[in-house]
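The block underneath contains the structure these notes are about, expressed in structure tokens.
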């Protein structure tokens, strides 16, 4: 039986993550309040941020930026795409 969480992004009960996906207090908050589906949405958004801003995730400055965006995405006002971003057409 999988665990469920009241997902902060979806606003409903959904299957929770199997483990904390990020270290520290933020990772624990995500584990307790974010569903698997919402985490997958974040990964897509994070990929877009990395590509659009041409980030190198191993650089401390880029990691700090992504962590701040993750915090905003789940627990703040949301993480927006760069104004120049054009979503791919389907």
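The values are calculated or read from the model by the stated rules, or taken from the named source; none is laboratory data. Predicted model, so just to flag it, every value in this text is computed and none were measured. When we count neighbours, we look across all protein chains shown, and the Cβ atoms used for this are built from the backbone with ideal geometry, even at glycine.
General remarks:
- Cβ separations smaller than 9 Å between residues 6+ apart or across chains give the following pairs from the range 78-89 residues that are modelled with pLDDT of 75 or more to residues that are part of a loop (DSSP other than H, G, I, E, B) and loosely packed, with under 10 Cβ neighbours inside 10 Å: 81/87.
- Cβ-Cβ distances below 6 Å connect the following pairs, each with a first residue in the range 13-34 that is on the phi < 0 side of the Ramachandran plot and without any contact (Cβ under 8 Å) to a residue 12 or more places away in the chain, a second residue that is in a helix (DSSP H, G or I) and surrounded by 15 or more Cβ atoms within 10 Å (Cβ to Cβ), and a separation of six or more residues or different chains: 20/27; 20/31.
- If the condition is being in contact with a helix residue (DSSP H, G or I) (Cβ under 7 Å, 6 or more places away or on another chain) and either more than 21 Å from residue 81 (Cα to Cα) or not in a loop (DSSP other than H, G, I, E, B) (or both), then the range 40-62 contributes 42, 45, 46, 49.
- Matching option when the condition is at negative phi, touching a strand residue (DSSP E or B) at 6+ places or on another chain (Cβ under 7 Å) and in a loop (DSSP other than H, G, I, E, B), among 79, 2, 89: 2
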